[in-house]
Amino acid sequence: MNIAIRTLPGAWMQLIRAQFLNLSRTPAYTLPTLLFPVMFYAFFGLLMIPGRAQFLLCTFATFGVMGAALFSFGIAIAMERAQGWMRLLRAAPAPISGVVTGKFVAAMLFALAIVALMSVLAAGLGGVRLATGQWLALAGVLAAGTLPFCLLGMALGLWLSPSAAPAVINIVYLPLAFLSGLWVPASQFPAWLQAVAEWLPPYHLAELALHVTGTRAGDWVWSAAVLAAYSITFAAAVAFGWRRLDGIRK
Amino acid sequence: MSSQPIATCRGLAHRYGSTDALSGVDLDLPAGAVTALLGPNGAGKTTLIHLLLGLLPLRQGTIRLFGDRAPGANGARSRIGAMLQISGVQDNLTVRELVELFASFYPDPAEVADLVEECGLAGLEGRRFDRLSGGQKQRTLFALAAVGRPGLLVLDEPTTGLDPAARRRLWSAIEARRARGDAILLSTHFMEEADRLADRVVVLDGGRVLARGTPAEIRRRVPRDTIRVRSRLGAERLSALPGVVKVRDGSEGWTLLSGNGVATTRALLEADPDAAELEVRGADLETAFLALTGDAPTDDGVRPGCAVREDHPSLEERETA
């Protein structure tokens, strides 16, 4: 049996475990990633804008999972490149697929934690009532929906220095969230800004979340197709960035 | 020692922009032997190591690992352990978690408990990497390199920053690996380390091989002794003594560098029977290295390389000739 294939499952599990432990022991990641979106939802979704708890659960949870993905990939990879961790993994027979999968699963687990915390708040304080299948669908869609943001974060992490990564990723993250209508519904935007929002990936992830919770019956097929197209584009950027590493001394 | 090379490199060359990092380098790494790679900063050591590990694309030359494997191929990578010069790890993982992670990459890894014991990490398994001392961190990185029972161990300046005791512990671990039959490539700035560990030494400078051989052969490439003495003879007369290539005056007397310490000493005592505090020291590997690279002054301020290299071409130059 091929050596690489024989060791692959164990390596994948270890990489997933290592990524999750690493993130969970990094307060600079866990606190803002978990607490900020939940706090924002509590203030804006429940206290300041009453009556829209279910709608804002979907949009603020999208905001949360997007951050978990961008930061776990973008900043972490930029730092790991600079520290030599990525190079050490490349020198060892670490499966690159496992390295990426480990980060993806860790980001998904944090995404699920964010959705769970917000769901508890939404049900407990916001009076949101969903069928069990809808709660599960919300968690599933948002966890899987981290994929394009993980890939975007990875593409940025492969290009940025560790000092530039936090700033650039915040510059990408916050405007993208706002322009996608995650804080203020896109329906309240001017028409031209609304047209911009409808081409952004967070807008479509929120649309999927709204669809599966029965909050708004959007065109889920179109939203899924847009997210898939973004995922392919970002994956190509990752592949390009990864190949670039082969030609430089990183 | 087996004569079968684990790795064979021929005609390696690599450029960064317009800078030649390596030019026509050949290297064999036999099983059960430590090959030390010496050279000043920028000599091309790390580039050579990165080519060997498949971390840089091989544009010129050939590398064959374990017979017919190319660098970076899975069949080669799973038999190589690497300890790189800048090797940050996810430093909030514990020693055990890191070792188990790396063990999972290899088809036949070492027992974690045995490896931890062998690398002097017993009792530290549950400690996070960022809470280890410098020596413990280096030993952990060594354990990550060794956990796959590699046939080839590549160590890029593994003892930099370690205190003497920590360095010696790591040396013992390296010696144990050699005794098991691993081929070991050791890049180092420490001549004492190369002298103690290396079966063969390759001296690189400016991307080229200046010399290669056993440590003793390298020392013999620079047949120079250092003679320290208090003497009434002046610099002119001392310079005229047989074999002397450099004379330096100092607060502790004269320092002579000689290509023939015996002849110089004999002539010195004939010319000045009252010469006192005479000390004759043979060339060590560091002296030889400095002479070959001509890149740094000795501790007494003498730049030894120029005069010697003019008279004594490097082994590589001799081989070429």
Residues located in the stretch B:245-287, provided they are at pLDDT below 85, in a loop (DSSP other than H, G, I, E, B) and surrounded by 14 or more Cβ atoms within 10 Å (Cβ to Cβ): B:GLY259, B:ASN260, B:ALA283, B:ASP284
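In the stretch A:1-11, what count of residues is obtained for those that are more than 7 Å from chain B (Cβ to nearest Cβ), in a helix (DSSP H, G or I) and either over 17 Å from A:PHE104 (Cα atoms) or at pLDDT 90 or above (or both)?
So the count comes out to 1.
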Among the residues of the stretch B:60-99, which ones are more than 10 Å from every other protein chain (Cβ to nearest Cβ), of a type outside the set (A, V, I, L, M, F, W, C) and out of contact with any strand residue (DSSP E or B) (no Cβ under 6 Å at 6 or more places or on another chain)? B:GLY67, B:ASP68, B:ARG69, B:ARG96
If the Cβ limit is 9 Å and pairs must be 6+ apart or interchain, which residue in the stretch A:89-107 that is under 15 Å from A:ALA76 (Cα atoms) and within 11 Å of chain B (Cβ to nearest Cβ) pairs with which residue that is modelled with pLDDT of 90 or more and not in a helix (DSSP H, G or I)? A:LEU89/B:PHE105
Matching option when the condition is within 14 Å of chain B (Cβ to nearest Cβ), in a helix (DSSP H, G or I) and either touching a helix residue (DSSP H, G or I) at 6+ places or on another chain (Cβ under 6 Å) or polar (S, T, N, Q) (or both), among A:ALA78, A:ALA61: A:ALA78
Being touching a residue at least 40 places away in the same chain (Cβ under 8 Å), under 17 Å from A:ALA177 (Cβ atoms) and of a type in the set (A, V, I, L, M, F, W, C) is the filter; apply it to the stretch A:43-62 and report the residue that is surrounded by the most Cβ atoms within 10 Å (Cβ to Cβ). A:ALA61
Pairs, please: C-beta under 7 Å, at least 6 apart or cross-chain, first residue in contact (Cβ under 8 Å) with a residue 40 or more places away in the chain and of a type in the set (Lys, Arg) and in the stretch B:69-98, second surrounded by 19 or more Cβ atoms within 10 Å (Cβ to Cβ) and assigned to a strand (DSSP E or B)? B:ARG79/B:LEU152
Mind checking whether some residue in the stretch B:37-51 is closer than 25 Å to A:GLN83 by Cα, of a type in the set (D, E, K, R), crowded, with 18+ Cβ neighbours inside 10 Å and within 9 Å of chain A (Cβ to nearest Cβ)? no
Find the strands (runs of 3 or more DSSP E) located wholly in the stretch B:126-236 whose residues include 1 or more that are within 14 Å of another protein chain (Cβ to nearest Cβ), and list them. B:152-156, B:183-187
Condition (residue is out of contact with any Pro (no Cβ under 9 Å at 6 or more places or on another chain) and small (Gly, Ala, Ser)) applied to the stretch A:173-187: is it met by at least one residue? yes
So which helices (runs of 4 or more DSSP H) stay within the stretch A:159-250 end to end and still have 3 or more residues that are touching a Leu at 6+ places or on another chain (Cβ under 7 Å) and surrounded by 16 or more Cβ atoms within 10 Å (Cβ to Cβ)? A:165-179, A:201-212, A:220-247
Of residues in the stretch B:146-168 being surrounded by 24 or more Cβ atoms within 10 Å (Cβ to Cβ) and small (Gly, Ala, Ser), the one farthest from B:GLU118 (Cα to Cα): B:GLY148
Which of the residues belonging to the stretch A:108-130 are in a helix (DSSP H, G or I) and free of Cβ contacts under 8 Å to residues at least 60 places away in the same chain? A:MET108, A:ALA111, A:LEU112, A:VAL115, A:ALA116, A:VAL120, A:ALA123, A:GLY124
Residue in the stretch A:140-147 that is over 16 Å from A:MET66 (Cα atoms) and out of contact with any strand residue (DSSP E or B) (no Cβ under 9 Å at 6 or more places or on another chain) present: no
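The values are calculated or read from the model by the stated rules, or taken from the named source; none is laboratory data. Predicted, not measured: the structure shown is a model, and the values here were computed from it. We place every Cβ from the backbone using ideal geometry, glycine too, and count neighbours over all the protein chains shown.
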